[in-house]
Amino acid sequence: MNSFVLKNVSLDTGAKCDIQISDQKISGIAEGLEGDVSYDCSGLVALPGFVDLHTHLREPGYEASETVLTGSQSAALGGYTALHAMANTHPVADTAGVVEQIQSLGIQAGYVDVFPIGAVTVGLEGKRLAELGAMAKSKAQVKVFSDDGKCVSDPLMMRRALEYVKAFDGVIAQHAQEPRLTEGSQMNAGLVSSELGLAGWPAVAEESIIARDVLLAEHVGSRIHICHLSTKGSVEIIRWAKSRGIQVTAEVTPHHLLLTDEMARTYDPVYKVNPPLRTESDVLALREALIDGTIDIIATDHAPHPTEAKDCEWNSAAFGMVGLETAASVAQLVLIDSGKSDWVRLGQVMSTKPAQIAGDRNHGSLTVGSLANIVLIDPRVQRMISRDTASKSSNNPYANLTLPGAVVHTLYNGQFTVMNGELQKKEENA
Ligand SMILES: [Zn+2]
Ligand SMILES: [Zn+2]
């Protein structure tokens, strides 16, 4: 098959047209296009394939939770064509060798582009800067660095990292958590934590690090990205920093846009996550910030864990939840079904902006001549979320919720990875 056409799609603007794909690329966007094969896409919204800037794939080292293959498959089902794999694997992705290994596992899997994120410090230990330059110069061409799971809490270390990546327009993605203020913390510090008797995780533990780091980024003149904003105060700091011209970008997760600390009343550790679920007023502030552009992107923080790590008492359970296959639905709920924003914004926060932050030119645009990385969504569907997904883990907080929208097709470099909601077997490369 040399060329094919997606007929009658709706673009983010609402315009109806056809998309023609030839040799992995978009060769036409117009009405009345022809191809060797055509697929009727009436009623489906076409957007650039989603890009997740924050995924935990767990391989190498924790293959019982997830592998690069299963995580990539889950991502494709969620409409993603690229993801950025966090460095807290075993071994840690802190050398050129490990990031190249993760990159090649991604190529073998073949469902999405897997971009390894490099660790900021050796072993995520916060003591010595990792070989950022070697990772940047490696075949994996790492641009995003993060100790995620841990905070780069030493201000001198953060300043050095920001200075280092400035040379090649890299970016540090900070997991903002002041470690001393969160020792033993289990959930958001507030009314619910005191009622339940669980150790509280104060908002200031996140906000104090963000405030410090935007000032460091300004001082150095470098870019910084803040992972998983979870509080109203964090939003206010980012808004202030942006108004000052500081080069800061910020992400929010689907779960922080939807769920609150009230969920902890179930004592079900599926709701235990880092940073913790916060209050209704935090959720509302995060939604508003996503709509007005203070928050740049939605990133999943997909964090799979095996049953034994979650099927236990709250205090001993692991932090984290899966989320690749539900992110688009939460985005639709917050941006579209609320009546407060539109598909243009949804495409920005799920694809265009995360690709830009990572310096990735192969994703994030739906234009003639670009690689055919496309997702087609049916926004009319309401679906009950099942606990099990293509992920190896089922720590899924959305199980049994009804969410809007469904990913119908995903095209990665011009090939269907998902067709009619079904994962496609990878075509053997010649
Ligand atoms: Zn994190
Ligand atoms: Zn994370």
If you go through the stretch 387-406 one residue at a time, do you hit one that is in contact with a Phe, Trp or Tyr (Cβ under 8 Å, 6 or more places away or on another chain) and in a loop (DSSP other than H, G, I, E, B)?
-> yes
Please verify whether the stretch 95-115 includes one or more residues that are over 18 Å from Asp52 (Cα atoms), free of Cβ contacts under 8 Å to residues at least 40 places away in the same chain and acidic (Asp, Glu).
-> no
Return a yes/no flag: does the stretch 235-247 have any residue that is within 16 Å of ligand 1 (Cβ to nearest atom), at pLDDT 95 or above and not aliphatic (A, V, I, L, M).
-> no
Taking the stretch 212-237, which residues are assigned to a helix (DSSP H, G or I) and within 19 Å of the chain's Cα centre (by Cα)?
-> Ser234, Val235
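Of everything in the stretch 293-324 that's acidic (Asp, Glu) and in contact with a strand residue (DSSP E or B) (Cβ under 8 Å, 6 or more places away or on another chain), which residue is farthest from Asn88 (Cα to Cα)?
Of the residues in the stretch 293-324, the ones acidic (Asp, Glu) are 296, 301, 308, 311, 313.
From the residues that got through so far, the ones that are in contact with a strand residue (DSSP E or B) (Cβ under 8 Å, 6 or more places away or on another chain) too are 296, 301.
Values: Asp296: 24, Asp301: 12 Å.
So, considering only residues that are acidic (Asp, Glu) and in contact with a strand residue (DSSP E or B) (Cβ under 8 Å, 6 or more places away or on another chain), the one farthest from Asn88 (Cα to Cα) is Asp296.
Could you list, in sequence order, the residues of the stretch 286-328 that are within 20 Å of the chain's Cα centre (by Cα), of a type in the set (A, V, I, L, M) and over 27 Å from Gln382 (Cβ atoms)? Steps first, please.
Going residue by residue through the stretch 286-328, those that are within 20 Å of the chain's Cα centre (by Cα) are 286-305, 318-328.
With the extra rule that they be of a type in the set (A, V, I, L, M), the set shrinks to 286, 289-291, 295, 297-299, 303, 318, 321-322, 324, 327-328.
Residue satisfying the conditions is Ala318 alone.
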Check the stretch 145-155 and report whether any residue there is at pLDDT 95 or above, more than 16 Å from ligand 1 (Cβ to nearest atom) and of a type in the set (A, V, I, L, M).
-> no
Residues that are within 15 Å of ligand 2 (Cβ to nearest atom) and either part of a helix (DSSP H, G or I) or under 22 Å from Ala64 (Cβ atoms) (or both), drawn from the stretch 91-118 = Val92, Ala93, Pro116, Ile117
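Anything in the stretch 233-283 that is more than 26 Å from Asn395 (Cβ to Cβ) and surrounded by fewer than 20 Cβ atoms within 10 Å (Cβ to Cβ)? List them, or say none. Lay out the reasoning, then the answer.
The first filter runs over the stretch 233-283 and keeps only residues more than 26 Å from Asn395 (Cβ to Cβ), leaving 233, 235-249, 281.
Hits for the stretch 233-283 are Gly233, Glu236, Arg239, Trp240, Lys242, Ser243, Arg244, Gly245, Gln247, Ser281.
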Within the stretch 1-82, strands (runs of 3 or more DSSP E) holding 3 or more residues that are free of Cβ contacts under 8 Å to residues at least 40 places away in the same chain = 3-10, 16-22, 37-40
Report the residue count in the stretch 165-185 for those that are away from ligand 1 (no atom under 16 Å from the Cβ) and either of a type in the set (S, T, N, Q) or within 18 Å of Pro116 (Cα to Cα) (or both).
-> 4
Within the stretch 148-181, how many residues are surrounded by fewer than 21 Cβ atoms within 10 Å (Cβ to Cβ) and in contact with a strand residue (DSSP E or B) (Cβ under 8 Å, 6 or more places away or on another chain)?
-> 3
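State which residue is nearest to ligand 2 (Cβ to nearest atom) when the search covers only the stretch 252-276 and only residues that are part of a loop (DSSP other than H, G, I, E, B) and more than 19 Å from Ala199 (Cβ to Cβ). I'd like the intermediate steps shown before the answer.
Step one: of the stretch 252-276, the residues part of a loop (DSSP other than H, G, I, E, B) are 253, 259-260, 267-268, 272-276.
In the following step, the residues that additionally are more than 19 Å from Ala199 (Cβ to Cβ) were identified as 253, 259.
On the way: Thr253: 9, Leu259: 16 Å.
So the residue we want is Thr253.
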How many residues of the stretch 186-211 are more than 16 Å from ligand 2 (Cβ to nearest atom) and either over 20 Å from Glu251 (Cα atoms) or in a strand (DSSP E or B) (or both)? The answer is 15
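The values are calculated or read from the model by the stated rules, or taken from the named source; none is laboratory data. Since the model is a prediction, treat every value here as computed from it, not as a measurement. Note that we place each Cβ from the backbone using ideal geometry, even for glycine, and neighbour counts take in every protein chain shown.
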